[in-house]
Each structure stands twice: as structure tokens, then as C-alpha cells.
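Step one of this worksheet: look at the structure below.
The values are calculated or read from the model by the stated rules, or taken from the named source; none is laboratory data. Everything numeric in this text was worked out from a predicted model, so none of it was measured. Quick reminder, even Gly has a Cβ in these numbers, built from the backbone with ideal geometry, and neighbours come from all protein chains shown.
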Amino acid sequence: MRTRIAPCRSRIRAAAGVTLLILLSCGLCGLVAFQWYRDADLRMQIADRNQQIQKLDEQKHEVEAAGKRVEEELRRVEQFRERLAAEGRTNKAELSRANRDLLEMKAKWNQATQQGAAYKTAYDKMASDIKAQNEGMKKLNEAYLNALAVHKDTVEKYKKLAGDCEDLNNRYLKLFDQAEKLQQALNAQSADKK
């Protein structure tokens, strides 16, 4: 009886061992399949992350390029601002010089006007004395013609200056306001002198 039990037991043991081996190999196959599935998922995640990193690198390069463009634009704007400031200083100096020239021209105009008035007075006196002094009239007439030529030359210069002043008036209205105030002051002074 023992002999029958022993081979039966050894068969059961062998069958249990084979079953255990089959179960272990099935478990290992399942473990390998799980690891393969997990590795495939991790590889996909790594590929996605690599794409995200590449996109972020591209965005970083785009942002850096945009930053460089902005810096260049800022430099250009700063240079433009400095150039405008320099032009502003130049314009102020030119405006000051034009203001002085305008004052000088107005003074010359007043002088020419007074000189014209003086010549007119001399001419009127000459006309009243024409009957009495014919020869004196010739001398006065020559003096008057010379003075008239000077006056015409002065008037032509004034017309040219008036044209220049008109150009300045269009560009610098504020300057003419100041000039008119100065003209009124000069007229008041000349009236006080008379």
C-alpha cells in the first residue's frame, strides 16, 4: 500500500509543482505584460514632455527675439528722443536769433519810417519854396531823389524782411505776439520822445 501512495503523492507533488510553475510563468508573463504596458505609457509621457520642452524652447527663443526687437526699438526711440531734444535746443536758439533779427528789423523799419517822414517834410518844404528858389529846388530835388532811392532800397529790404517775418509768423505765432508787444512799447517810447 505504501508503494501506491508514494507514487501517487509524487505525482500529486509533480502536478502541483508543474501547476505552480505554470502559475508562476503566467504571473511572470502578466508582470512582463504590465511592465511593457507601463513602459510604453512612460515612453509616451516622455515623448509628450520632450515635445512640451521643445515648444517651451521655441517660445523662449521667440520671447528672447521679441525682447531683442523691443530693446532695439527702445534704443531707436531713445536716439530719436535725443535727436528731437537736440533739434528743440537748436530751434530755441534759432528762434532767439530770429527774435533778435526781428527786433532789429523793426527798429530799422521805424528808423526808415521816420526817415521817410523827414524826407516827406523836406519835400513839402521844398515844394513851398519852389517859387522863390529854383536853384535850391534842384539841389533839394537831387537830395530827395537820393533819399527816395535809399528809402526804396530800405522798403525793398523791409519787404524781403517782411516776407521772412511772415514765414517766421507762420511757424512761430508766439514770436509775433511778443514782437507786437515790443512794437507797442517802441511806439509808446517814440510818442514819449516826441
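Before moving on, here are some points about what is shown:
- The numbered conditions (1) in contact with an Asp or Glu (Cβ under 9 Å, 6 or more places away or on another chain); (2) more than 30 Å from Thr154 (Cα to Cα) are all true for Asp101 except (2).
- Of all residues assigned to segment 19-27, at least one qualifies as being in a helix (DSSP H, G or I), surrounded by 10 or more Cβ atoms within 10 Å (Cβ to Cβ), β-branched (Val, Ile, Thr) and modelled with pLDDT under 90.
- Taking segment 71-128 as the range and being of a type in the set (Phe, Trp, Tyr) and either within 30 Å of Asn141 (Cβ to Cβ) or modelled with pLDDT under 90 (or both) as the test, the residues that pass are Trp109, Tyr119, Tyr123.
- Any hit, segment 78-85, residues being within 26 Å of the chain's Cα centre (by Cα), surrounded by 10 or more Cβ atoms within 10 Å (Cβ to Cβ) and among the aromatic types (Phe, Trp, Tyr): yes
- Number of the condition not met by Lys106 [criteria: (1) under 34 Å from the mean Cα position of the chain (by Cα); (2) charged (D, E, K, R); (3) within 30 Å of Gln184 (Cβ to Cβ)]: (1)
- Inspection of segment 36-44 identifies no residue that is at pLDDT below 90, among the small types (Gly, Ala, Ser) and on the phi < 0 side of the Ramachandran plot.
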